[in-house]
Amino acid sequence: MILFMTETLIVANWKENLDASEVKTWMQEFGKQESKRGSVQENRDPKIEVVICPSFPLIPLVSNFQLSSSSTLQPSIFQIGAQNVSEFEKGAYTGEVSAQQLKSLGVEYVIVGHPERREHLGETNEQINQKIKLCLKYGLKPIVCISELDQVKAINEVSHLSLPTSQSPIIAYEPLFAVGSGQPDTPVNAQKQASAIKKVLGEDVWVLYGGSADSRNASSFLAEKGIQGLLVGAASLDPVEFAKIVNYELH
Ligand code: PGA
């Protein structure tokens, strides 16, 4: 069972970067790049879904660009994602942002268990499990980050990710050595990891590759069978570069 009609998912993870004025500039430049190619709707393969994940407070700003017909961007050429979600459903958890709140802002996707959150904020498989459950409860699509196969197994034991459901999560394979290093994994190895992940979770699970993905290597990763998209960090901060990734061509 496939989550959606798209065949490729390209996700921009801006991390803790870009303030409000930088986001506006980014959107204008990205819009320009896209309109150079004419109508996005006509020219971009409609099977590619683009997701932009800003920091929480900038989500409404990004959705204004998403919805505004007066902007240079065509409406709905991208979906909005969040970089995290609270493990708690609601209540006295100062500073947390709930799945329900994200949904009410038009967010469609949530990155869960990013390796930087595991490393710097001590996020555990149990917390990740809770976050996945809340995403699914509120109709958000979790993009669950995995650096090692053990993490797939650990999350699967608590989350039963492989149970048939109309909302299977998406897995992003993010090897630690490749994240933020400028040293991507090889497409062949990423493909091997993708098939190992699918062996545990089922063939229908989507696997994205993340870790120093950019416009030079995007098409090699996406040419691999079993890799259905990219999670792009540093290279997504430059709208010209990100537009090139989104308009990748398979060679
Ligand atoms: P990077 O980040 O592209 O800067 O390596 C990827 C990620 O952390 O999702």
If you go through region 59-88, how many residues are part of a loop (DSSP other than H, G, I, E, B) and modelled with pLDDT of 95 or more?
6
I want to confirm something. Restricting to region 206-243 and keeping residues that are in contact (Cβ under 8 Å) with a residue 40 or more places away in the chain and surrounded by fewer than 19 Cβ atoms within 10 Å (Cβ to Cβ), which single residue is nearest to ALA190 (Cα to Cα)?
ALA234
Could you list, in sequence order, the residues of region 216-251 that are small (Gly, Ala, Ser), more than 12 Å from the ligand (Cβ to nearest atom) and assigned to a loop (DSSP other than H, G, I, E, B)?
GLY226
Matching residues, region 118-143, being under 23 Å from LEU58 (Cβ atoms), outside any loop (DSSP other than H, G, I, E, B) and in contact with a helix residue (DSSP H, G or I) (Cβ under 9 Å, 6 or more places away or on another chain):
LYS131, LEU134, CYS135, LYS141, PRO142
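The values are calculated or read from the model by the stated rules, or taken from the named source; none is laboratory data. Keep in mind that what you see is a predicted model, and the values were worked out from it rather than measured. No Cβ is skipped: glycine too gets one built from the backbone with ideal geometry, and neighbour counts run over all protein chains shown.
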